[in-house]
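Here's the structure, in structure tokens; my notes come after.
Rule-based calculations on the coordinates, nothing more; no lab input. Please read these numbers as outputs of a predicted model, since none were measured by experiment.
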Amino acid sequence: MPTSANSSVQQLAPATPPSDKELVLKVIPMPADTNGNGDIFGGWVMAQVDLAGSVIPARYVNGRMATVAVNEFIFKQPVRVGDILSFYGSVTRIGRTSITVQVEVFAERFRAQGRFVKVTEASLTYVAIDDQGRPRPIEKRD
């Protein structure tokens, strides 16, 4: 069997959602979200990751914030119509005005619920902003 086929089989091995991250979003993609191949648009997935990634920083920022960087974004497997996507997030860094978050996305294929496949992982940075859109300090938490 060719190497690429072997790695493809390994990538499809069931995964376990992370226990050290918080479930921040669940969503099911629909047919309107597909590309010409019938898979879900990467841009749609990216938008959902951005939404999921913003949940935890919102607790720290206490006001407006904006996505300032997508540090890393890896598509591991295609996302299909009807997949139940679970987005897990955790804070990896808190700076003076910004927060970096790691997001992992797991799919439960519609016909194989309860079995997870990791489809995407990303690192995003959000910045706290004032009413004029300028960076502002994040208040320290006790």
- Task: Enumerate the calculated ³J(HN,Hα) couplings along the stretch 23-29 in order (Karplus 6.51 cos²θ - 1.76 cosθ + 1.60, θ = phi - 60°), each rounded to whole Hz, writing x wherever the residue is Gly or Pro.
- Result: 6, 10, 6, 10, 8, 10, x
- Over all Cα pairs of the chain, how is the pair count split among 5 Å bins, expressed in % and running from 0 up to the last occupied bin? 2, 10, 18, 19, 17, 13, 9, 6, 3, 1, 0, 0
- Note on the structure: Computed, not fitted: 222 nm per-residue ellipticity of the chain from DSSP H runs ≥ 4 (each -39500 (n - 2.57)), nearest 500, equal to -6500 deg cm²/dmol
- Note on the structure: Which residues qualify? For Thr97, with a placed amide H closer than 5 Å and at least 5 residues away or on another chain, they are Ile138
- Query: Pairing the Cα long axis of helix 42-61 with the longest principal axis of the chain, what angle in degrees results, from 0 to 90 and rounded to the nearest 10?
  - Reply: 40 degrees
- Which far-off residues, 5 or more places away or on another chain, put their amide H under 5 Å from the one on Asp83, with H placed in the peptide plane? Phe110
- Item | Built amide H within the under 5 Å cut-off of Leu25, gap 5+ | Phe87
- Taking θ as phi - 60°, what are the ³J(HN,Hα) couplings along the stretch 100-106 by the Karplus curve (6.51, -1.76, 1.60), each to the nearest whole Hz, with x for Gly and Pro? 9, 10, 9, 10, 10, 10, 10
